[in-house]
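Asks: The structure follows.
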Amino acid sequence: MKLKGNVWKFGDNVDTDVIIPARFLNVSDREVLAQNCFADLRPEFSKSVRSGDVIVAGNNFGCGSSREHAPLAIKTAGVSVVIARSFARIFYRNAFNIGLPILESEEAFGSFEEGSSIEVDLESGEIRSGNGGVRVFAKPIPAFMREIVQAGGLVQYIRARGSL
């Protein structure tokens, strides 16, 4: 699975309250969540993000409370993959549960600028600039987790296998 988009950069310790502020947690409409993704930190995000765009972040992305709203808002906003040095454990699990691929890479944050075009290969973990000049790697997503992402999330994956 290969993805291509423009980079949105975020630093270290981006918590779930920043991704989707608590005042929107009573909302169940995915589109409303997407419209308020990063509302306080980057108000322009929801209006400017394009389908396929990529978030590149520092350490401990998705820390804070264990709300599935955060990866759901990111995915519904159009982000195709989140790449960070590290993720909070619960965000990591929630992201895959809703079908948002995430990659851990030590090198990506320092290698790509905001707005630059990158290509991401989820199978190999290769991340490269749109012009091919920069090439770094992430830990590849294991095959069974790629299957969950391709199915659209854990529930859809289980349904497709006839277990629900």
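Asks: Pairs of alpha-carbon atoms within less than 8 angstrom and 6+ residues apart define the contacts here; what relative contact order does the chain have, in percent?
Replies: Computed over the chain, the figure is 23 percent.
Asks: For region 103-164, give the magnitude of the charge dipole about the Cα centre (Cβ charges: +1 Lys/Arg, -1 Asp/Glu; no others), in debye to the nearest 20. Don't jump to the answer; show the numbers that get you there.
Replies: Numbers: 6 positive and 10 negative charges, 87 e Å.
The calculation lands at about 420 debye.
Asks: Write down the accessible area per residue of region 45-133 in Å², having rolled a 1.4 Å probe over the full set of protein chains. Each step should come with its number before you reach the end.
Replies: Details: 3330 Å² over 89 residues.
Solvent-accessible surface per residue comes out at 37 Å².
Asks: Over the Cα atoms, compute the radius of gyration (one decimal) and Dmax (the largest Cα-Cα distance, rounded to a whole number) for the chain, in Å.
Replies: Rg then Dmax for the chain, in Å: 14.8, 46.
Asks: Report the one residue of Phe10, Ala39, Val56 whose Cα lies farthest in the direction of the positive end of the charge dipole of region 1-62 (charges on C-beta: Lys and Arg +1, Asp and Glu -1; origin at the Cα centre).
Replies: Positive-end residue among those listed: Val56.
Asks: Quick one: work out the % antiparallel among DSSP beta bridges in region 1-124, nearest 5.
Replies: 30 percent
Asks: Shifting gears a bit: With the full set of protein chains in place, find how many percent of the accessible area of region 36-94 is carbon and sulfur; take the probe as 1.4 Å.
Replies: 48 percent
Asks: Next question. Which of these, Val82, Val27, Val18, has the largest mean-square fluctuation under a Gaussian network model of the chain (Cα springs below 10 Å)?
Replies: Val27
Asks: For the chain, modelled as a GNM with alpha-carbon contacts under 10 angstrom, which of Phe61, Phe24, Phe91 fluctuates the most?
Replies: Top of the fluctuation ranking is Phe24.
Asks: Just to be sure I understand: with springs between alpha-carbon atoms less than 10 Å apart, which residue in Leu100, Leu33, Leu25 has the highest mean-square fluctuation in the Gaussian network model of the chain?
Replies: Leu25
Asks: Can you show me the helix-derived [θ] at 222 nm for the chain, built from DSSP H runs with n ≥ 4 at -39,500 (n - 2.57) apiece and divided by the number of residues, rounded to the nearest 500.
Replies: Helices in the chain give a 222 nm mean residue ellipticity of -7500 deg cm²/dmol.
The values are calculated or read from the model by the stated rules, or taken from the named source; none is laboratory data. Please read these numbers as outputs of a predicted model, since none were measured by experiment. When we count neighbours, we look across all protein chains shown, and the Cβ atoms used for this are built from the backbone with ideal geometry, even at glycine. Areas reflect the complete protein model, heavy atoms only, side chains present, ligands, DNA and RNA absent. Shrake-Rupley method; radii C 1.70, N 1.55, O 1.52, S 1.80 Å.
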